[in-house]
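Enquirer: This is the structure I have questions about; it appears just below.
The values are calculated or read from the model by the stated rules, or taken from the named source; none is laboratory data. Predicted, not measured: the structure shown is a model, and the values here were computed from it. Counting neighbours? That spans all protein chains shown, and the Cβs are built from the backbone with ideal geometry, glycine included. The protein model used for the area step is the full one, side chains on, heavy atoms only, and it has no ligands, DNA or RNA in it. Shrake-Rupley method; radii C 1.70, N 1.55, O 1.52, S 1.80 Å.
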Amino acid sequence: MFAGLPELGISNGEDLKETLTNCTEPLKAIDQFQTENGILLPTLQSALPFLDLHGTPRLDFHQSVFDELRDNLTERVAVIAEGKAEDRFGKLEELLEKSFPLVKMPSIQPVVMQVPEKKLKMVMADKELYKVCGVEVKRQIWQDNQALFGDEVSPLLKQYIVEKEGALFSNELSVLHNFFSPSPKARRQGEVVLKLTQMIGKNVKLYDMVLHEICSVDPCHKFTWCLDACIREKFVDVKRARELQGFLDGVKKGQEQVLGDLSMILCDPFACNTLVLSTVRNLQELISQETLPRGAWDMIDSQVFKEPRLDPEVVTRFLPAMMSVVVDDHTFTVEQRLPGEEKISQTYPTALPDSFTRYLQENRVACEMGLYFVLHITKQRNKNALQRLLPVLVDTHNDMAFGDIFLHLLSGHLTLLSDEFSSQEFCSVIFDRFLLTSFSSKENVHRHALRMLLHLHHKVLPALMETLSSEPVKELFTQLTEKLEAQKKSPPPPDEAPPSMDLGLHPVTVPTTTPTPATPL
């Protein structure tokens, strides 16, 4: 713990041991050792006995003074390093030459800010020393050793992914508390984010290894702050929409690479969620006003930094087709309120415009809007519209309808329609005509289906429950079976929802052969 002190001419435990071994009067020897190695301020001599009377150990006193001095020194070093004085590097070099022998002492490590190159090699060669040295030293090693930095960062990124998957597959099923519920501030306080922030500090090179350049030199930071405000408010108003578009339009010639960063920012699930929800909300406004709308990954992969033009038919054909579906639903609702002899149609429309289904399959933007429209009608408890639209989602652009985020949100929204699961027709649409169509090939669909059944099984037809064999997710299915057995012994009251279960979902192993469940409905 005290390695390096003798090199600086400072007494350590071994010196005290030797003094006590060879002295004739131990108490005087201890008193002399304290005087020689304590804080040499005459004004403290009267204060120390006063602290003794209050039972304050000398160690606590010296430790508090040491911490204060170390923090002041660390701040002073930072000021010198960022200053403009010509001799600042010489001062730092001199300080580091004096302090480096103490680099293995945890209490001294924060002072070692900028280690000379030859000392860095010594740290890298000593695994134990590298393990315990401060993050300030490690940053210098990492910026010239990307592989070593990758070894440090990779576990954190994997942990981040596992945490997000845990949120997507959480046993909690609610329309109010879901993947997108945490605020930007709460997400910034996450353990992994804080660790990455500490590792990177203000080192632009390290930040660039993880993402894009740091805020103070990054032309994207104002765009990000504006979008972050939209995510916080869960809506993009007209003013902020113009501001965001202004950033895109303001990209100057020669800076097109910035569009790559902007595309990654916009691809963030929280950003997509906010933008598409705002679009659906705007479409609802247009319906009430009886008006019609007008209006990254490929970029990163191709390294062609040019803003892609939105297919005009998404605005001129797809959105009007989607709005016609809304009008159909509104018209049917109004007709049902009319006297019987005035009703034009007694059945809810089932056909969909060809342009609507075609763009769901061919265009990513249109598909994203279509999926969120389905979430919107589910949240409104619109059973008829849901049964009309859900089957067409079997065939969507890049199978987006079977992505974890959509299934996570859909399963939560479906809790609002829990009573409908007692209907054979409704269950047939949810399972046979949507979920079960990919049941044999998509393991994640199994998990989301079972998340939903864990909460709604008491509403589902018993005959259907028997068909939902779930070999690829034995752990979840076993828990479901146990709950069903418990229900048989003590069924809950008809109007009482079952208690939430803390399942603690974990990754599961998918067997090489997956049976295709029978669906008698």
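Enquirer: Might you let me know whether segment 404-422 holds any residue that is open to solvent by 10 Å² or more (accessible area, probe 1.4 Å) and not in a helix (DSSP H, G or I)?
Expert: No - not one qualifying residue is present in segment 404-422.
Enquirer: Residues that are assigned to a helix (DSSP H, G or I), acidic (Asp, Glu) and in contact with a Cys (Cβ under 9 Å, 6 or more places away or on another chain): does segment 429-439 have at least one?
Expert: Narrowing segment 429-439 to residues assigned to a helix (DSSP H, G or I): 429-432, 435-438.
The next check asks that each one be acidic (Asp, Glu); those that pass are 432.
From the residues that got through so far, the ones that are in contact with a Cys (Cβ under 9 Å, 6 or more places away or on another chain) too are none.
Scanning segment 429-439 turns up no residue that is assigned to a helix (DSSP H, G or I), acidic (Asp, Glu) and in contact with a Cys (Cβ under 9 Å, 6 or more places away or on another chain).
Enquirer: Go through segment 163-176 and give me each residue that's touching a Ser or Thr at 6+ places or on another chain (Cβ under 9 Å) and at pLDDT below 80.
Expert: Scanning segment 163-176 gives 171, 172, 174, 175.
Enquirer: Taking segment 168-203, which residues are buried (at least 16 other Cβ atoms within 10 Å of the Cβ) and among the aliphatic types (A, V, I, L, M)?
Expert: 168, 173, 192, 196, 199, 200
Enquirer: Looking at the structure I just gave you, is residue 335 more than 30 Å from residue 261 (Cα to Cα), part of a helix (DSSP H, G or I), at pLDDT below 85 and open to solvent by less than 40 Å² (accessible area, probe 1.4 Å)? Give the derivation first.
Expert: Details: more than 30 Å from residue 261 (Cα to Cα): yes; part of a helix (DSSP H, G or I): yes; at pLDDT below 85: yes; open to solvent by less than 40 Å² (accessible area, probe 1.4 Å): yes.
So residue 335 fits the description; yes.
Enquirer: Separate question: Tell me which residues, restricted to segment 232-271, are in contact with an Asp or Glu (Cβ under 7 Å, 6 or more places away or on another chain) and open to solvent by 30 Å² or more (accessible area, probe 1.4 Å).
Expert: Kept after step one, since they are in contact with an Asp or Glu (Cβ under 7 Å, 6 or more places away or on another chain), are these residues of segment 232-271: 248, 259.
Listed by number, the list holds a single entry, 248.
Enquirer: Which pairs have Cβ atoms under 6 Å, sit 6 or more apart or on different chains, and link a residue in segment 211-240 that is under 25 Å from residue 276 (Cα atoms) to one that is loosely packed, with under 15 Cβ neighbours inside 10 Å and at pLDDT below 85?
Expert: Hits for this filter: 221/215; 228/184; 231/184; 232/184.
Enquirer: If a residue must be out of contact with any Ser or Thr (no Cβ under 6 Å at 6 or more places or on another chain) and farther than 27 Å from residue 161 by Cβ, how many such residues does segment 389-421 contain? Please lay out each step first, then the result.
Expert: Here is the first cut: in segment 389-421, the residues out of contact with any Ser or Thr (no Cβ under 6 Å at 6 or more places or on another chain) are 389-391, 393, 395-401, 403-411, 414-421.
Add one more test, that the residue is farther than 27 Å from residue 161 by Cβ, and what stays is 389-391, 395, 416-421.
Residues that pass the stated criteria total 10.
Enquirer: Just checking, does segment 437-447 include any residue being at pLDDT below 90, open to solvent by less than 40 Å² (accessible area, probe 1.4 Å) and either of a type in the set (Val, Ile, Thr) or within 22 Å of residue 350 (Cα to Cα) (or both)?
Expert: Within segment 437-447, the subset at pLDDT below 90 is 437-447.
Remaining after also requiring open to solvent by less than 40 Å² (accessible area, probe 1.4 Å): 438-439, 444-447.
Those left that are additionally either of a type in the set (Val, Ile, Thr) or within 22 Å of residue 350 (Cα to Cα) (or both): 445.
The answer is yes, given that some residue of segment 437-447 is at pLDDT below 90, open to solvent by less than 40 Å² (accessible area, probe 1.4 Å) and either of a type in the set (Val, Ile, Thr) or within 22 Å of residue 350 (Cα to Cα) (or both).
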